[in-house]
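Below is one structure; the comments refer to it alone.
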Amino acid sequence: MTDRGYRWLGWLWLASLALCALWLGWMLRQGLPADTDLTALLPADRQAPLVEKADRELGRGFENRFLLLLGDDERVPTTQALGRSLQRLVDEGQLAGVDWRELDLADADPHGWMGQWRYRLLTPQWQQAIDTDGGSTLVEPALRRLFSPTARPEPVADPFGLLDAWLSRLPRSPIGAADGLLTLDAEGRQWSVLIGELKGSPYDLPMQNALHSALERFQQQHPDAELLRSGLVFHAAAGARQAKREMSTIGAASLLGVLLVIGFVFRSPRVLLQLMVPLLAGSLFALTLTLGIFGRLHLLTLAFGASLIGIAVDYVLHLQCDRVIDGRQFRLRRLMPSLTLGLISSVIAYVAQALTPMPGLRQMAAFAAFGLIGAWLTVVLWLPRFTLHASPFTARLATRWWRLCQPRWRLSPWLALAGALVLATFCGLRLTSDDSLELLNPSPAALMQDEQRVQQLLDRDTGSRYFLVRAADTQSLLTRLDMLDGSLDRAIADGLQVEYQSLAGSVPTMAEQQANLARVRKLYGAPLDALVERAGLPATVADEARARLQQAPPLTLAEWLETPLGSLQQRLWLGKTDDGGVAATVVISGARDARTDATLSTLADSPPKVEYSDRVSRIGGLLGELRRHTALWVAAAMALMTLALLWRYRGRAWRVVVPPFGATLIVLTAFAVGGVPLNIFNQLGLLLILGIGLDAGIFNVEHARKPAAWLAITLSTLTSLLAFGMLAFSATPALHYLGLTCLIGLASVWALVPWVRPEAGHSTPRRESEHV
């Protein structure tokens, strides 16, 4: 290519980046359209929008509210101090509200707003009593209730106490009132309860900081008080604080290490700036095209796409090392075959991943491939244009380092193959996997213990397990819910240790409500006359009570959900579905083990056919599927790359594949020996190792006798190890496993390269002069 054509390509690429910047700015005018939902990584035909909606509804209270339990010997003044502190956050606009006094949750008397429906609501025991003898056995209990000093008799509106009997079977909140405060009696002590409502997102940093500071000040002023916390806002805040700590420690140490290494080798701050140009250009190109194609960007894509930095820096370092050491003798043509093959081999891995049916993996692959292409184009078209003031020290260091790292013997292909077979067999026998949700949970152990203890004290579940019930209309839905409730009741009677929340227990079907009204009419016959007579009440009381039955409207589901009691079950109602039907959930709490899950799954498959969902297991299954698909397509990419390398290097291809493939086997063997389970984040780290290892193998063979190539390989692995291997010390499980993989793998890549370096006198597949 002529110099003029080369310059025009450079300016064309610069114009493309400028267009990318403008396009990206337009797409980000309302913020980054990011996605954090892991189910979005599933294929479109397997995603379940209704399940996602159920997850959101059941988790809404956990996201929008937080709960504090305060235990202290001086409960009243201590709670008042904490309540006033939180109220100040409400006044400052940080919180929407906080409830901690008895009057904060004072609802209207249910006898007032439920009275009109009481004649259509009967417990199963009352239904059986009336069906058996017309209700004669209910006269004596009603008589005692009329004259009980603790009861609230209503001789005309409800002489038999129908409403009290029905209300007694509803799930009631364990939170009561004492000393004017919201109170929970548990573990033999009284806990004060404070319920906060967020004004915005639980991820709002100013609100997180204000809430954290308020609670920290309270704890310092009341060190003997026991304060338990529950709510997404606390987990989000803990994650943000942890990320900030790690950025200021691990991140700062990594950055400082990279700066010291580059500064020590090149002795010029310009080199560091030039290193950043291709990385920034590649990131801009990748972000713009990925957003343009997919419309939204999953946050896991950003984490995965960061691996392109470790690979793309190879291109820069090889170019810079060659320029510094060769000086005016530098020719880009000599590096082009190596740079191009390194790019093609890495992109092949991502293209293979893009062929998977998993949308999330396709997006990750596109981001990384576009980023590498953008970085490569910048290195080739623009980096040689920049002036570079070379230090003689770099050339001396490269020569000394080359001599120092000459092994006494070389690895033979048969020994390499035998070692690979041994390691692969060992890994196959010993390696395990872990796809648990804990990999995504950065919360500290103390906060998780608080969360679990609050759930136990309240005897509540966060709604991670539920039955999803659908029907054509509301009445059909209530019928199906009632059938499911019956199946659950029978299973519980047989020993299933769970509890459940269902709308059917609160709102009977219209048919059952009509049957209940008929039963009450029967009860209000002879049994009512007997009750009035034995109680010594005027005979007109019975007539007035019967007249109330003429004004007994049915209870609809919509009306129930608008009541104070019904609002507690609002999260169970999903409303209209896309097919025109309706849906609701039945939330399960209690024992969590394989036997319980098997029983619940069996109930779901029995009439009425419903869908059982365990969110924890479902996300774990998703992570496992991502891991398996990633492993499958990485293996396919490795096979394709091996074929491409065989075409170019013939019998020397094994020298190229040993560093990346050997490092991968060493990592897996180390995990098998140490009992570290394989997960999706390990495998994302393996992709980085494969990319850097392939580049190292290619340059090791193409430029076998050049000290500049070995210095660049060393710098590439060392800087990537500092950038990614340091994450092994992260307290976030996902980052820890990614970093641990990179720490072992990148060190292994560097250690393997000298042992497979071609011996002196061997020529590369194409003569060096051909590239001059």
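The values are calculated or read from the model by the stated rules, or taken from the named source; none is laboratory data. Small disclaimer: the values here were computed from a predicted structure and weren't measured. Methodologically, a virtual Cβ is constructed for each residue, glycine included, from the backbone with ideal geometry; neighbour enumeration extends over all protein chains shown.
Quick notes on this one:
- Set side by side, the residues Thr425, Thr399 differ, and just one is within 25 Å of Ile680 (Cβ to Cβ) and either exposed (fewer than 14 other Cβ atoms within 10 Å of the Cβ) or more than 43 Å from the chain's Cα centre (by Cα) (or both), which is Thr425.
- Given (1) farther than 18 Å from Leu687 by Cα; (2) crowded, with 24+ Cβ neighbours inside 10 Å; (3) modelled with pLDDT of 85 or more, number of the condition Leu284 does not satisfy: (2)
- Residue match in segment 148-164 (condition: of a type in the set (Asp, Glu) and more than 14 Å from Leu528 (Cβ to Cβ)): yes
- Every residue from segment 81-102 that is part of a helix (DSSP H, G or I), farther than 20 Å from His235 by Cα and in contact (Cβ under 8 Å) with a residue 60 or more places away in the chain: Ala81, Leu82, Gly83, Ser85, Arg88, Glu102
- Against the criterion of being over 18 Å from Leu275 (Cβ atoms), among the hydrophobic types (A, V, I, L, M, F, W, C) and without any contact (Cβ under 8 Å) to a residue 60 or more places away in the chain, Ala418 qualifies.
- Members of segment 447-478 that are surrounded by 17 or more Cβ atoms within 10 Å (Cβ to Cβ) and more than 30 Å from Leu70 (Cβ to Cβ): Tyr466, Phe467, Leu468, Val469, Arg470, Ala471, Thr474, Leu477, Leu478
- Within segment 590-624, considering residues that are out of contact with any helix residue (DSSP H, G or I) (no Cβ under 9 Å at 6 or more places or on another chain) and touching a residue at least 60 places away in the same chain (Cβ under 8 Å), the one farthest from Ile492 (Cα to Cα): Gly621
- Hey, Leu572 surrounded by 14 or more Cβ atoms within 10 Å (Cβ to Cβ), over 24 Å from the mean Cα position of the chain (by Cα) and touching a residue at least 24 places away in the same chain (Cβ under 8 Å) or not: no
- Boolean, Trp100 is over 23 Å from Ala177 (Cβ atoms) and of a type in the set (A, V, I, L, M, F, W, C): no
- The set of residues in segment 523-536 being crowded, with 16+ Cβ neighbours inside 10 Å and of a type outside the set (Phe, Trp, Tyr) consists of Leu523, Pro527, Leu528, Ala530, Leu531, Val532, Ala535.
- Phe304 at pLDDT 85 or above, surrounded by 18 or more Cβ atoms within 10 Å (Cβ to Cβ) and either in contact with an Asp or Glu (Cβ under 6 Å, 6 or more places away or on another chain) or of a type outside the set (Ser, Thr, Tyr) (or both): no
- Among the residues of segment 1-24, the ones that are over 17 Å from Gly374 (Cβ atoms), free of Cβ contacts under 8 Å to residues at least 12 places away in the same chain and part of a helix (DSSP H, G or I) come to 5 in all.
- Close pairs from segment 164-185: first farther than 19 Å from Thr78 by Cβ, partner aliphatic (A, V, I, L, M), Cβ under 6 Å, at least 6 apart: Trp166/Leu121; Pro174/Leu184; Pro174/Leu458
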